[in-house]
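Down below is the structure, laid out as structure tokens.
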Amino acid sequence: MDDRELLTVSEVARRSGFAASAIRFYEKEGLITASRTGGGQRRFERQMLRRLAFIRAARNVGLSLDEIAAALDKLPNASGSAR
């Protein structure tokens, strides 16, 4: 993947409306994924913005993190298959 297609945590935060700390939390919980640069900085694929939008909507209707994780596990990943 071209590095220009990857987003920093601050770009994801700005575009998604989530705090950077929330993005790191969701990554730690396995709801979103990031790659790392040689210097250890997180880089997110653009599709993580859709996953974050799903997380926001699910939280708004009262789903727990476990319920959200189960729902996200059923969605295709970037390669088109379920995780």
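The values are calculated or read from the model by the stated rules, or taken from the named source; none is laboratory data. Fair warning: this is a prediction, and the values are worked out from it, not measured in the lab. FYI the Cβ positions are ideal-geometry reconstructions off the backbone, even for glycines, and counts take in every protein chain you see. When the accessible area is computed, the model is the full protein with side chains, heavy atoms only, and any ligands, DNA or RNA have been set aside. Shrake-Rupley method; radii C 1.70, N 1.55, O 1.52, S 1.80 Å.
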Any chance Ala20 is within 15 Å of Leu7 (Cβ to Cβ), free of Cβ contacts under 8 Å to residues at least 24 places away in the same chain, in contact with a helix residue (DSSP H, G or I) (Cβ under 6 Å, 6 or more places away or on another chain) and not β-branched (Val, Ile, Thr): yes
Count - residues of segment 10-19 that are open to solvent by less than 50 Å² (accessible area, probe 1.4 Å) and either closer than 19 Å to Leu72 by Cβ or more than 11 Å from the chain's Cα centre (by Cα) (or both): 3
Any chance Asp73 is at pLDDT below 95 and open to solvent by 30 Å² or more (accessible area, probe 1.4 Å): yes
Residues of segment 8-17 satisfying the condition of being without any contact (Cβ under 8 Å) to a residue 40 or more places away in the chain and among the aliphatic types (A, V, I, L, M): Val9, Ala13
Meets criteria (over 22 Å from Leu6 (Cα atoms) and modelled with pLDDT of 95 or more) for Arg59: yes
Odd one out for Gly62, checked against (1) on the phi > 0 side of the Ramachandran plot; (2) under 13 Å from the mean Cα position of the chain (by Cα): (2)
Pairs with Cβ under 8 Å, 6+ apart, first in segment 38-65 and more than 23 Å from Ser10 (Cβ to Cβ), second β-branched (Val, Ile, Thr) and open to solvent by less than 60 Å² (accessible area, probe 1.4 Å): Ala58/Ile68
Search result, residues across segment 20-47 that are surrounded by 11 or more Cβ atoms within 10 Å (Cβ to Cβ) and of a type in the set (Gly, Ala, Ser): Ala20, Ala22, Gly30, Ala34, Ser35
